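The values are calculated or read from the model by the stated rules, or taken from the named source; none is laboratory data. Model, not experiment: these values are computed from the prediction. Every residue, glycine as well, gets a Cβ built from its backbone with ideal geometry; the counts of neighbours run over all protein chains shown. Surface accessibility is based on the protein's heavy atoms, side chains included, excluding ligands, DNA and RNA. Shrake-Rupley method; radii C 1.70, N 1.55, O 1.52, S 1.80 Å.
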Amino acid sequence: MDFTFTEEQQAAAEAARAALADVAVDGVPSPAVSNEPVAEDIDRELWQRLAKSDLTGLALAEEYGGSGLDPVAWCLVLRESARVLARVPLLETGAAALAVQRYGSAEQRRRLLPEVAAGRLLLGVAPHGRTGHEPADQAVRAEAGPGPDGGWLLHGTQTAVPYAPLMDRIVVPARSDLGTLLLLVDAHGPGVELRRQVTAHGEPAAEMVFDGARVEAAAVLGEPAPDGANWLHLRGLLIVGNAALCLGLGEQILRITADYTGKREQFGHPVATFQAVAMQAADRYVDLRAMEVTLWQAAWRIGLAEAGVAEEPGRIPLAADLATAKVWSAEGVRGIAATAQHLHGGMGADLDYPLHRYHAWAKHLELFLGPAPAYEQEVGDILAEHQL
């Protein structure tokens, strides 16, 4: 099988590198610096630059102002953004927009998606549930509102919603008597309370508390799904997008570490030539290759699902590939960041050196959508269910 990226996919990555070329990592807000406040906004200038490069609507259909590319191309762009710690919601807005494109009505697609592609509309996702370990689609209850077109009334809590105070609309999964709903919610609307939360990497987030918040029927994406397939597909997009961020971040951390250990000398020799250092760096390189292959497998398969291609009978389910990618990305980025700190010695904690920022982002990405052991359990359950 040929895993070579297409010309269009490679062009998307090159466009992203060009748009991100002048991002200053040392200007990224860091929660480790006591006299430096955490971020209160995204990098608006960079977001507009990405929009002008046709990257905010990369995976959207051309009829909505997008480029019509697949999730693999989107992941290549996310990979590039992580290398410079780009403070933009490429993951959240991209995944939410794909959910609108897949499940939304013709009117919703016509109204919202061109605005996303143009960089004028920010869409978010509530991905974590009430505690971060509870399934996101079980944390909020949707009850039918009064009247023939009363919409839905929401009760419950979603925690750690990325960039929640800044999003124009947030896709919230909710359980109802009819099945799982995906709803486009105004985070600043009546019945919604945002409680500011501090993230590991210093970017804005909030707990969303719903106390009878009314969502109009026109804001529901598609029909309720009794099997929760709508949320599981959106969750899958978030998993592969986050895995792409982990890969780009891990690659950059290892590059920084290789550069440092190649120049740092002890006993008259670069420390990179010491066997213990070389072996640790080699182990982390192997982690990167495992992260990469599991990512592209999952991204390719979810791209087939986006295109409406049915899974082959007898094949390991897509959910297993997604969970595998999540395990490797979470464990891999955690191990790479820890090894980098070890091999840097005291320099790893120097606030004038960029590594502490990458370490903070690595911890955030590792735990996004839940820790690796939860997905190891998921893989085991799938294999047992299918007797594989």
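Just need a number here: residues in segment 196-232 that are in contact with a strand residue (DSSP E or B) (Cβ under 7 Å, 6 or more places away or on another chain) and either assigned to a strand (DSSP E or B) or among the β-branched types (Val, Ile, Thr) (or both).
Residues meeting the conditions: 16.
Filter segment 314-350 down to the residues that are in contact (Cβ under 8 Å) with a residue 12 or more places away in the chain and acidic (Asp, Glu), then identify the one that is most open to solvent (accessible area, probe 1.4 Å).
Ranking the candidates gives Glu331 first.
So for segment 165-173 (the condition being more than 24 Å from the chain's Cα centre (by Cα), under 19 Å from Arg130 (Cα atoms), open to solvent by less than 20 Å² (accessible area, probe 1.4 Å) and touching a residue at least 60 places away in the same chain (Cβ under 8 Å)), does at least one residue qualify?
Taking segment 165-173 first, the residues more than 24 Å from the chain's Cα centre (by Cα) are none.
For segment 165-173, residues more than 24 Å from the chain's Cα centre (by Cα), under 19 Å from Arg130 (Cα atoms), open to solvent by less than 20 Å² (accessible area, probe 1.4 Å) and touching a residue at least 60 places away in the same chain (Cβ under 8 Å): absent.
Give just the number: which of (1) assigned to a helix (DSSP H, G or I); (2) closer than 26 Å to Arg130 by Cβ does Gly370 not satisfy?
Failing condition for Gly370: (1).
Cβ-Cβ below 6 Å, separation at least six or inter-chain, first residue in segment 121-137 and within 18 Å of Thr180 (Cα to Cα) and part of a helix (DSSP H, G or I), second open to solvent by less than 20 Å² (accessible area, probe 1.4 Å) and of a type outside the set (A, V, I, L, M, F, W, C): which pairs?
Ala136/Pro127; Ala136/His128; Ala136/Gly129; Ala136/Pro173; Asp137/Pro173; Asp137/Thr180; Asp137/Gly228
Taking the criterion of being modelled with pLDDT under 95 and part of a loop (DSSP other than H, G, I, E, B), would at least one residue in segment 150-168 satisfy it?
Looking through segment 150-168, at least one residue is modelled with pLDDT under 95 and part of a loop (DSSP other than H, G, I, E, B).
This table checks each residue for (1) within 24 Å of Ser81 (Cβ to Cβ); (2) within 17 Å of the chain's Cα centre (by Cα); (3) open to solvent by less than 50 Å² (accessible area, probe 1.4 Å).
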| residue | (1), (2), (3) |
| --- | --- |
| Gln252 | yes, no, yes |
| Arg255 | yes, no, no |
| Arg264 | no, no, no |
| Gly268 | no, no, no |
| Ala272 | no, no, yes |
| Asp287 | yes, no, yes |
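Determine the pairs where a residue that is closer than 25 Å to Arg79 by Cβ, located within segment 361-388, has a partner that is in a helix (DSSP H, G or I) and open to solvent by 80 Å² or more (accessible area, probe 1.4 Å) with Cβ atoms under 7 Å apart, the partner being 6 or more residues away or on another chain.
Filtered contacts from segment 361-388: Ala362/Arg334; Glu366/Arg334.
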